[in-house]
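The values are calculated or read from the model by the stated rules, or taken from the named source; none is laboratory data. Predicted, not measured: the structure shown is a model, and the values here were computed from it. Every residue, glycine as well, gets a Cβ built from its backbone with ideal geometry; the counts of neighbours run over all protein chains shown.
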Amino acid sequence: MIKIILDTNVFVSALLYGGMSHKILKLITDNMLQLLVSRELFKEVMGKFKDHEASEEQIENVTEFLLKEGIFVVPTIKLTVSRDPEDNYLLELAETCKADYNYQRQRSFGTA
């Protein structure tokens, strides 16, 4: 199965607005993709939803989705390679899990 990591903006777009990002989440629920999540990513997603003034129902939906569909991993390495230092946690997760795909701010890149 393809292991992926999604940036927080994908969750916001999918669960608040629908569209193409929602199709990615559907592939996860259909067991076509395996979603990898770290504690840092979970906290970032929850913070973004609160920043967007999401309803309690929307926050519950994203929490349930992440807990049910995500595979939680504790990154075992530290990286400082991202142009945006605040995104290093995503790369650490991707490298630890040997993710096949890391979708981050309209860019994608595999890890190997």
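Go over the candidates Glu69, Glu95, Glu40 one by one and state the one that is touching a residue at least 40 places away in the same chain (Cβ under 8 Å), of a type in the set (Asp, Glu) and under 22 Å from Met1 (Cα atoms). The unique qualifying residue is Glu69. Consider the stretch 1-43 and keep the residues that are assigned to a helix (DSSP H, G or I) and among the small types (Gly, Ala, Ser). The one that is surrounded by the most Cβ atoms within 10 Å (Cβ to Cβ) is Ala14. Taken over the stretch 43-66, the criterion of being in contact (Cβ under 8 Å) with a residue 24 or more places away in the chain, β-branched (Val, Ile, Thr) and over 18 Å from Leu93 (Cα atoms) is satisfied by Val62 alone. For the structure I just gave you, tell me whether Glu64 is assigned to a loop (DSSP other than H, G, I, E, B), under 26 Å from Tyr17 (Cα atoms) and modelled with pLDDT of 90 or more. No; evaluated as a whole, the condition is false for this residue.
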